[in-house]
Every structure is written in C-alpha cells, then in structure tokens.
Amino acid sequence: MLDPQAGDAGAHYRQANAHKDAGQPEAALASYDLALALRPAWPQALCNRGVVLASMGRLDAALDSYERALQLDPRDAITHYNRAGLLAALRRWDAAVAGYSRVVELDPGAFHAHFQRGNVLRELRRHAEAIAAYGAALALRPDFAAAHFNRGVVLQATGETAAALGDYERALALDPALVQAYYNRGNLLRELGRPAEAVASYDGALALRRDYPEAWCNRGVALRALGRPQEALESFDRALALRPAYAEVFFNRGALLKDLGRNAEALSSLDGALAIRSDYAEAWCNRGATLLQLQRQREALDNFDRALALQPALAEAHYNRALTLLLLGDYAAGWPAHEWRWKTRATRAFSDREPLPEPLWLGREDIRGRRILLWSEQGLGDTLQFCRYAELVAARGAQVILEVQAPLVGLLRGLAGVSQLVARGAPLPRFDLHCPLMSLPLACGTTLDSVPARVGYVHSDPARVAFWRERLGPRSRPRIGLVWSGNSSYGNDINRSVPLADWIASLPREFDYFCLQRDIREADLRTLATNPWIATCEEEYAGFDYTAALIGELDLVASVDTSIAHLAAALGQRTWLLQAYNPDWRWMLEREDSPWYPTLRLFRQPAAGDWHSVYQRIGVELRGYFGAAAGAGAAG
C-alpha cells in the first residue's frame, strides 16, 4: 500500500481503478479514499468511488459520493448517468428520470442513457415518453436488441399490438438467444388469437431454457385454444414439475379438465390453485362453474359469491351466477345479473357490434310512439327463441325494427310485432332506443309464470310449403326429422353433438326419416352414405325458410340442442330434444317440458355422457307415440 504522505494521489487513483477492475471493492475503496485524502476536489475519483460503493450495496454512501462529484463538476455526464442508475435502483423514479434527462442534455449521443430513461419512464407508466426514449436510443443504434424488446413491452401494454410484434421480431432477429422476447411474443400472439404461432414462439423460448415454467404454462393455454388437450395437459404438468406451487397452472389445468368433462379432476386442480392462493377470485369462479357441471348448483352459487366477495367486478362470476339462477328458475334475480354478459371476455370476443349511441331500453321508459331497434346478439337459436318479444314490445306502442342474422331474414318476414326487418350488417334505419334480444326478458319483466309461449309464433312461407308438399308426396308413414350435431366451433359442442352412427341403431325403421342437418361432418356423411333410408334433401340447406317449410310437413323433429330445435319448436312442431346431463340454463332441471316451447319435450341424459340411454328411450317412445301400426317398413 502506498503511503498517503508520499503525496502521489494519481498513483492511489490508478491503483484504486485496478482493484475495481479486478473485482476487489474493499481495496479499491481504500485506495480511492487515500487519493481523495490528498486531493479532495477530484470528481472522477468521487464518481468511481460511488461505483464501488454501489457494488458493495452501500447505496446511500454511493449516492453521497456522486453528489459530491457533481458539486465539483455539474456537467459530467458519466456521473449523472451513474447517479441516475443508483436512483433507479432505489426506486426513486422521478429523480432517476431527471438524472437521465440531464445526461442526454449533456450528451445527446449517449444511447444507453436514452435506453435507461425509457426503462424508468416505463416503470412510471409514462408510456408515450418511454416509447419516444427507446426510439431515440434506436435512432442512435438501430441494432440495439434490448431497446427493441423493451419498446415492444410498452407498445404491448398500450395496445399497439402490431408495432409490439414488430419490435419483438426485430429483437429476435438481432439476438436469437433473447429468451424473454420469444416468451413475450408468444403471449402477444395468443392475445391476438393466433395460438399456433404462439406455441411456436413458446417452443423457441423453451429450446433455449427448458426450466421456464411460465412458458410451459402459457404454451398449455395456447394448446388448449388449438384443441390439443393432451399436449396442453402435458405442458401444464411440465410447469408444475418445475414449480409445484404455481397457482395459475393449477387454474388453467382445471379449466382444461372441465372442457374435457373430467369435472372431478378439474375440481381437484382448482382446489390446488386455491390452496396456494385462497384469494384467487377467478379460481373460485371456475370452481363454481365446475360444480355446476357436477349438478351441485347451490355450492356453485356459493363459489360465485366467494369470487365476488374478493373481486366485486369479476364479470365471469356475475354471469355464471346469472346462468345458475336462470337454470334454477329464479328469473327475478337471474335476468338483471344476466346483463353482466356484456363485460365477459367471451362476449367481447364474439360481439363485433360497435356501441350504439342511442339509449339502451331495459323496460323502464315509456316507449309509446318511439322507434326501437331489437337486435340479435348471439346464435341463431337465441334469435329464434327471443324474437317472440317483438310482439310484446310492439304492444307497448313502439314501432319495432328487428335486426337478425342474414340466414333468418327470409323466415322472419311477417313476424308479429315487427314493422321493419333488417339483416345484420345492413345499414340501420333511424331509431330512438335499442335493446338486444336477450335483454328483452328483463325489459318485459318475464317470470317463470309469464314466459310468452304462444304456439307457432314463427310461420313458414306458403310457397315453400307447397314445394315440399309436392316433393314429398302423400304421407304413408310418420315422418321424423333428425338433427344430431351443431356448430363444432361452439364451446360446449362436446356435450351436445353426437355421432349419427351411435344413434342410428336405436331408430325404429317403421318411420320415414329426414336429415335436417345444415353442416354434416365427414364421419356422418359416411354413415348417411351407407344408410339411404335417412333422406337427405339439398334444398333445405338453401335457407331456414326452406328448412322451416320441410319441418312443417313432418310429424316430429328429434334434435340435439341446436338452432334447428329452436326453429321446430318456434314453428309449433312436436320437438324432442336430446339433452346433456348438464343442461343449458333455458332447459332448467328435472323436467321434461319447457316453459318456452309448449310443443317441446326433453330427453335428458341420466348420467354425464350417457347418450345410449337417451337413444333407447327415444326409440321406445317413438313406437309408443305413433303406435306399432304406423307402418310396416322392412328392417335393414
């Protein structure tokens, strides 16, 4: 060690720098102190001394050293930069921004200062300024991968998804080993509804870092969206192997198992999430939805209430609670809660309507002499069920404009109460108020005892009826219409659609059968090809008006829960509905009839997944209803 009395401050300073560079902070600090004892007004030594103190975790002492340096040389950009970094470490964000701003004022070409200023502005959620700061750094150094990545993070947070994706792509082109960029890009692609690309991006992250539980978790979420449940389950299990106390994985795993109808396992997984985070409102909500699948409705309501106690604005819990109340027949509480559907993720995903500027009508205002738009919001079956309310609204003195999906326009011309019918997407006429169709039970104060259930409120076109009457000829045997599957993209399709091949063996052959399917799956086409005794008529696919006319010429329609079942029942046709063990809210519980459709009869599964019992019962009931003498068709 040099003797401080030797008077060689420069030698002490050089030795201090050597110790600092060698990772010897104690020795470096001692040498800087010797140098400063001989030359107290030395800003560079004070600055470097601050660096060493910061590396030792002595942050307050480091800040003091930087402050002393800046008192001696207020224009030293390096000291300002180091001081700003220390202030950021101390989470003194506003002071850190001011420090970095001073650096770029003194040295506009200091791209690292622009970059770090962006980072601090991001912490302060001053997003526009952060984006500008990253842009300034990239203008100086376009190949700065970290700046592209961090700007992408801010752009994603502000909803500028296309720009964020571009920044992640550029960051990865510059630095293919940037694991976090693969992960963030995967998250963004998943949010954009591009799950296949999201999986590929998560795979990129996992190729670089196998022990990345977040990537395994979100990869599972994307695989679930792709309909690849087994791979999704494996991905969730990989995440749990890495982090056994990962509540979000248990939550997502439970949601997947519920999709698969493995409700007991789903419940166990959700319990795992709640054991880790008892205040996990979304898990309480999904647990309630799973209990609902297990026909434990009262427990489900309790779980929804637990979720709402933790997160009062959780729309999914309000909505699931509403569906449970409606299922139980508590319309008074169910209809108001049903309005929460507009705030759920699912509704936001499928609803493409821009908000209407005209006031929403929910039954409170007098509408005599007003023009009101009633508009379809969900599926074709929902429109067919709730279009009946046009007549009730018109009876209050309003002029009713009804907007429906284009395939229903031909069928619903002449619907009682409607002054003007409009296809969805066509220009709307002037109106004063509006109401979505599924809010009309609330607006009209519908109770279980006051459901408007007039038989045959939808009517067939006489010309279409004449077409089918001539086409089919005289009736020799009872005619049965069949529908066995719905839209495969429907979220709960697994619990309503059935393979025709499974049903066909239980159908008595002494009747004439007609396929009413609109979209026939490949396996069912093969079944139809080998069973020509089920008639297929291409004309009914031309539109619902053709299908309606054909239904009118039949004696009965047997259908799973699809729009055709609603159509048949709305026409007043005898309709037998094959109902899953876990019913949709509108079919309620433990009853064979429906307050919505007097001519509809429910054939419920006695246990989850047991369609065979339903097929057999329908076969027996068909013979019993029409009588053994209905015909003497040959068995095939």
**Request:** Go ahead and estimate [θ] at 222 nm for the chain from helices alone: -39,500 (n - 2.57) per DSSP H run with n ≥ 4, summed, over the residue count, rounded to 500.
**Result:** -16500 deg cm²/dmol
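Taking only C-alpha pairs under 8 Å that are 6+ residues apart, what is the relative contact order of region 216-265 in percent?
Working: 40 pairs, mean separation 16.2, N = 50.
RCO, region 216-265: 32 percent.
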**Message:** Need one number: nm distance between label points at ARG477 and ALA245, each 7 Å from Cα along Cα→Cβ, rounded to one decimal.
**Reply:** 6.8 nm
**Asked** With +1 on each Lys and Arg Cβ and -1 on each Asp and Glu Cβ, how big is the dipole of the chain about its Cα centre, in debye rounded to the nearest 20?
**Response** 540 debye
**Percentage relative contact order, region 286-432, counting C-alpha pairs under 8 Å, at least six apart** = 16 percent
**Rounded to 10°, Cα long-axis angle of helix 263-276 versus longest principal axis of the chain** = 30 degrees
**Asked** Quick one: if the Förster radius is 56 Å, what FRET efficiency do ASP143 and ALA37 give, using the C-beta to C-beta distance and rounding to 0.05?
**Response** 0.80
**Asked** What is the pair-distance distribution P(r) of the chain, computed from all Cα-Cα distances in 20 Å bins starting at 0, with each bin given as a whole percent?
**Response** 15, 35, 28, 13, 7, 1, 0
**Message:** Just to check I understand the Karplus step: with θ = phi - 60° and J = 6.51 cos²θ - 1.76 cosθ + 1.60, what whole-Hz values come out for region 83-96, glycine and proline as x?
**Reply:** 5, 4, x, 5, 4, 5, 4, 7, 6, 9, 5, 5, 5, 5
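How high is the relative contact order of the chain, in percent, counting Cα pairs under 8 Å that sit 6 or more residues apart?
Values: 1036 pairs, mean separation 42.6, N = 636.
Dividing the mean separation by the residue count of the chain yields 7 percent.
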**Share of alpha-carbon pairs per 10 Å distance bin for region 519-622, given as whole %** = 14, 41, 37, 9
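First measure r as the distance between the Cβ atoms of ALA463 and ALA163, then evaluate 1/(1 + (r/R0)^6) with R0 = 56 Å and state the FRET efficiency to the nearest 0.05. Don't skip to the answer; put the middle values down first.
Details: r = 55 Å, r/R0 = 0.98.
My answer for the efficiency is 0.50.
Which order do the peptides 514-523, 151-160, 434-443 take when ranked by the mean count of other beta-carbon atoms within 10 Å per residue, highest first?
So the order, starting with the most tightly packed, is 434-443, 151-160, 514-523.
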**Fill in**
Simple spin-label estimate for GLU590/ALA98, 7 Å along Cα→Cβ, in nm, reads 7.1 nm
**Spin-label model distance (nm) - ALA128 vs ARG526, 7 Å beyond Cα toward Cβ** = 6.1 nm
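Compute the FRET efficiency between ASP271 and LEU192 as 1/(1 + (r/R0)^6), taking r as their Cβ-Cβ distance and R0 = 41 Å, and round to the nearest 0.05. Write down the numbers at each step before the final one.
Working: r = 32 Å, r/R0 = 0.79.
The calculated FRET efficiency here is 0.80.
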**Message:** Quick check on packing: order 309-316, 257-264 by the mean number of other C-beta atoms within 10 Å, highest mean leading.
**Reply:** 257-264, 309-316
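If packing is taken as the average number of other Cβ atoms within 10 Å across a peptide's residues, how do 527-535, 499-507 rank, most packed first? Walk me through the intermediate numbers first.
On the way: 527-535: 13.7, 499-507: 16.9.
Result, highest mean Cβ count within 10 Å first: 499-507, 527-535.
Bear in mind that the values in this text are calculations on the coordinates, not laboratory data. Worth saying up front: this structure is predicted, and the values here are computed from it rather than measured. No Cβ is skipped: glycine too gets one built from the backbone with ideal geometry, and neighbour counts run over all protein chains shown.
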